[in-house]
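Coordinate-derived values only; no laboratory data. Given the structure is predicted, the values throughout are model-derived calculations rather than measurements. Please note: Cβ atoms are built from the backbone with ideal geometry, for glycine as well, and neighbour counts cover all protein chains shown.
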Amino acid sequence: HSQQPGTGGQCRTHTYIHIHIHIHIHIHIHRGSPCDSVCEQLNLFTLHSNFSPPLSIFSLRSLFARRVKDNRSVEQRDPGWKLFGKVPPREGPVKDPKRIQKEYETKSGRAGPGNPTSPRQSVRKNLDFEPLSTTALILEDRPANLPAKPAEEAQKHRQQYEEMVAQAKKRELKDAQKKKKQLEDRCKLEDSIGSAAQTWNQEILPNWSTMCTSRRVRDLWWQGIPPSVRGKVWSLAVGNDLNITHELYSICLARAKEKWKTTPAPSSETETEDAGSSDRESSLELIKLDISRTFPQLCIFQQGGPYHDVLHSILGAYTCYRPDVGYVQGMSFIAAVLILNLDTADAFIAFANLLNKPCQMAFFRVDHSLMLTYFAAFEVFFEENLPKLFAHFKKNNLTPDIYLIDWIFTLYSKSLPLDLACRVWDVFCRDGEEFLFRTALGLLRLYQDVLTCMDFIHMAQFLTRLPDLIPAEQLFQHIAAVHMTSRNRKWGQVQSSWKMKKNVLENYLSSPCLVTLCA
């Protein structure tokens, strides 16, 4: 302590602390502690410590000059941001809603409880309108610092406001009615599927041999087979003319696994595709590449998906079962649809028998002349059912192979939505190859108004990539309107007659799709 003479005999006192630090000292100073108490603590520390004289002198008053003036405890301080850890939310005073409303009216210049409300200010209150969630419109007056609207302008704006609100109400009501109808249709569909599944399980499947050709069953078939019994019906309809057993599938699968072990992995995608075309059985490697392209939106057949190994096994077993056919691009989509509806071995049996049908065998073996007979027969019925669109296609030189090859190779499973493709498969299992070409005519009939306004490029692009959303009921209505008779001849008779005409090849030999496919 030192004293200095001051005016009037007063003395000015300064307090110093002398600290010579030889050890690490941690001094915890609580925010809100009085400066004097801190000074006393440090003075006591200095008196009871045997430190040498200080190296530097600090004024205690200046050392703690920046202390916080808030004397509240830590628990009472206002919460704020904290770098690590959570901070409790700031608790503000709770205001009365009436007080908030009064403050808002005072701030915005509106009439208070004691002031009369003008007719213009009561417009919003007089409207019997519940604000909509996304289309709510609020009619506001001009700010108080601006001149008031003329009466005519205010009336005009009020009328426009009421019209906008009425239109918004109509739109919301229309959307609500649409959603309600969609929900009702979905409930009806679920009820019909449930009752149909009960009919198939209890009446049709136990008596399949006697009821499968009845008119009632055919009508139910056309409406779509319930998913719960679809696989069983497909197996019965496709049959097993090849007499394939589960044991034969296991043998073919074992051969495929041995082949995979001995076949070196290709160095590139081009090498894989070249090897698959030169050696049918070596197309086992092409399967790995093509599986990744199968229903990519489902993400269940790709590497790591739940059905990747199953699809790989079925396709590999088939290449060993039919090395003369091997694997052809498009088979993976057919096998994938069967896997979604059948067990693995049953899916392989249905897959092998399905590809053994004349139409599928002609396409997957790339029998050029036989494929042309199918295209020629298709054009006969195309001209019979859609003459204007047929003439438009002829004018633009759009041949059927450009769009039919992909549809037939994958049985529409790649071109149509999966649920719609399964419904096409339902009737295909009932009617055979004829329904594949009838479905093609139904699609052309559905979109004939759009196609007649397109040129060659846009027609080819549209037909090779159909819209994602295709109404199932409308499509089947157009399919039902297609007549598969030409001059009292049915599909099979027309297609057989073209087999006898060798000059049919001359019309399609220049087709780029077939030249590329058969190369």
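Each label point is 7 Å from the Cα along the Cα-to-Cβ direction; what then is the distance between the points at LYS149 and GLN202, in nm?
6.7
Is the shape of region 178-271 best called rounded, prolate or oblate, per the rule: a/c under 1.5 gives rounded, else a/b larger than b/c gives prolate, else oblate, with a ≥ b ≥ c the square roots of the Cα gyration tensor eigenvalues?
oblate
Out of ILE408, ILE479, PRO387, whose Cα points farthest toward the positive end of the dipole of region 348-503 (charges: +1 Lys, Arg; -1 Asp, Glu; placed on Cβ)?
Final value for the positive-end residue is PRO387.
Which one, THR199, ILE225, SER214, projects farthest toward the positive side of the charge dipole computed for region 168-237 from Cβ point charges (K/R +1, D/E -1)?
ILE225
Compute the FRET efficiency between VAL366 and CYS212 as 1/(1 + (r/R0)^6), taking r as their Cβ-Cβ distance and R0 = 25 Å, and round to the nearest 0.05.
0.15
Starting from the Cα-Cα distance between GLU103 and GLU473, subtract it from 0.36 nm times their residue separation and give me the gain in nm to one decimal.
127.2 nm
Using alpha-carbon positions, what is the distance between the centroids of region 382-420 and region 456-505, in Å?
6
In whole Å, what are the Cα extents of region 368-512 along the three principal axes, biggest one first?
Dimensions of region 368-512 along the principal axes of its Cα atoms: 40, 36, 26 Å.
What FRET efficiency comes out for SER496 versus GLU184 if R0 is 51 angstrom and r is the Cβ-Cβ distance? Round to the nearest 0.05.
With R0 = 51 Å, the Cβ-Cβ based efficiency is 0.60.
Taking the Cβ of SER486 as the centre, find all other residues whose Cβ is under 12 Å away and add up their charges (Lys, Arg: +1; Asp, Glu: -1).
0
Would you mind getting me the FRET efficiency between ASP449 and ASP309? Use the beta-carbon distance for r and R0 = 51 Å, nearest 0.05.
Using R0 = 51 Å, I get an efficiency of 0.65.
Under a point spin-label approximation (7 Å from Cα along Cα-to-Cβ), what is the SER192-ALA391 distance to one decimal in nm?
Label at SER192, label at ALA391, 3.8 nm between them.
Could you give the size of the charge dipole of region 368-512 about its Cα centre, using +1 on the Cβ of each K and R and -1 on the Cβ of each D and E, expressed in debye and rounded to the nearest 20?
Roughly 460 debye, rounded to the nearest 20.
Please rank SER313, SER486, fewest neighbouring Cβ atoms within 10 Å first, as an exposure proxy.
Ordered from fewest to most neighbouring Cβ atoms within 10 Å, SER313, SER486 come out as SER486, SER313.
Given that compact globular proteins tend to follow 2.2 N^0.38 Å, what is the ratio of the alpha-carbon Rg of region 166-216 to that value?
Compactness ratio reported: 1.99.
Taking neighbour counts of Cβ atoms within 10 Å as a proxy for exposure, in what order, fewest first, do TRP208, TRP407 appear?
TRP208, TRP407
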